[in-house]
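All remarks here apply to the structure that follows.
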Amino acid sequence: MPTNYATARGRMVREQLIPRGISDSEVLKVMEIVPRHLFVEDALQGQAYGDFCLPIGEGQTISQPYIVALMTQSLALGPEMSVLEIGTGCGYQTAVLSLLCGKVYTVERLKPLLIKARRNFDRLHYLNIVCKVDDGSMGWQANAPYDAIIVTAAGPTVPEALLLQLADPGVMVLPVGDRQSQELVVINKCEGQVKKTTIELVRFVPLIGAQGWS
Ligand code: SAH
């Protein structure tokens, strides 16, 4: 069981991310910095840098490192950008985003998870994150439009509310499909046109809400 977590993170980047095509040096740098083990229960910390997802309580999971890196890379973030994340979970993906953009707005439907995530943000001093408990399938109208939107739970379609809250130009990444398997879709909005590209086959927990599963 690795106790030198910095070494484990370096290995994760070299063995799981770079060989699978994660090439954005900023994303790789941040994946090497954010202490993923502090976002999971103590008993799972030794597995935090493994090539798999892990349970985070309430029947939910933290995504595999490769998927976090892939989704983050697909957003091509810059320091001035504002990002909306749906599905805060333990807050690990949020933390990765927060080091690459100006501000992250994140929505989680399960209060116990958001309480833990907020604690993680505070103790690690991620100061540019604003979070709330709500149905994120409706987005977060108050702070729209967003330069980038990321959804870390899978619905049957692209929620219309999120498309409307995406800036132009803007980019969104989300899993779309049935409850068993989904496609990871990148949506680029540019001059009123919307272009969709599938980048990976994935399996996420369901997006539960008005514009997700009931
Ligand atoms: N990015 C998270 C992944 C958590 S799993 C992490 O790094 O840990 C996906 C999360 O989406 C779960 O916590 C689940 O409760 C949440 N979720 C599902 N439907 C949602 C909805 N409609 N609004 C907000 N969060 C939702």
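Using only side-chain charges placed at the Cβ, +1 for Lys and Arg and -1 for Asp and Glu, the dipole size of segment 93-146 relative to its Cα centre rounds to 200 debye. Per-residue Karplus couplings for segment 52-59, computed as 6.51 cos²θ - 1.76 cosθ + 1.60 with θ equal to phi - 60°, are listed in order as 7, 7, 9, x, 10, x, 6, x Hz, Gly and Pro entered as x. In terms of the mean number of neighbouring beta-carbon atoms within 10 Å, the peptides 104-111, 83-90, 41-48, 30-37 order highest first as 83-90, 104-111, 30-37, 41-48. Across segment 5-202, the mean sequence separation of Cα contacts (distance under 8 Å, 6 or more residues apart), normalised by length, yields a relative contact order of 14 percent. Taking label points 7 Å from Cα along the Cα-to-Cβ direction, residue 133 and residue 197 give a separation of 3.9 nm. If R0 equals 41 Å, the separation of the Cβ atoms of residue 76 and residue 43 corresponds to a calculated FRET efficiency of about 0.70. Estimated translational diffusion coefficient (Stokes-Einstein, Kirkwood radius over Cα pairs, 37 °C, 0.692 mPa s) of the chain: 193 µm² per second.
Counting protein heavy atoms only, the chain has 53 percent of its accessible area on carbon and sulfur, 1.4 angstrom probe. When a/c reaches 1.5 or more, the comparison of a/b and b/c decides; with that in mind, is segment 125-212 rounded, prolate or oblate per its Cα gyration tensor? Oblate, because a/c is 1.5 or more while a/b does not exceed b/c. Computed packing ranks the peptides 201-210, 147-156 as 147-156, 201-210, most packed first, by mean other Cβ atoms within 10 Å. Mark the label point 7 Å from the Cα of residue 11 along Cα→Cβ and return the residues of segment 44-76 whose backbone N is within less than 15 Å of it. Only 45-52 pass the distance filter.
The slack between residue 143 and residue 33, meaning 0.36 nm per residue of separation minus the straight C-alpha distance, is 36.8 nm. Taken per residue, the accessible surface of the chain reaches 46 Å², heavy atoms only and a 1.4 Å probe. All other residues whose Cβ lies under 14 angstrom from that of residue 38 are scored, Lys and Arg at +1 and Asp and Glu at -1, for a net of +3. What are the residues whose amide H is under 5 Å from the amide H of residue 155, where those residues sit 5 or more places off or on another chain and H is modelled from the backbone? Amide H neighbours of residue 155: 177, 207.
Round to the nearest 0.05 the FRET efficiency obtained for residue 23 and residue 163 when R0 = 22 Å and r is the Cβ-Cβ distance. So, using R0 = 22 Å, E works out to roughly 0.20.
The values are calculated or read from the model by the stated rules, or taken from the named source; none is laboratory data. Note that the coordinates shown come from a computational prediction; the quantities given were computed from them, not determined experimentally. Every residue, glycine among them, receives a Cβ derived from its backbone with ideal geometry; neighbour counts consider all protein chains shown. These accessible areas exclude ligands, DNA and RNA; they are computed on the full protein's heavy atoms, side chains included. Shrake-Rupley method; radii C 1.70, N 1.55, O 1.52, S 1.80 Å.
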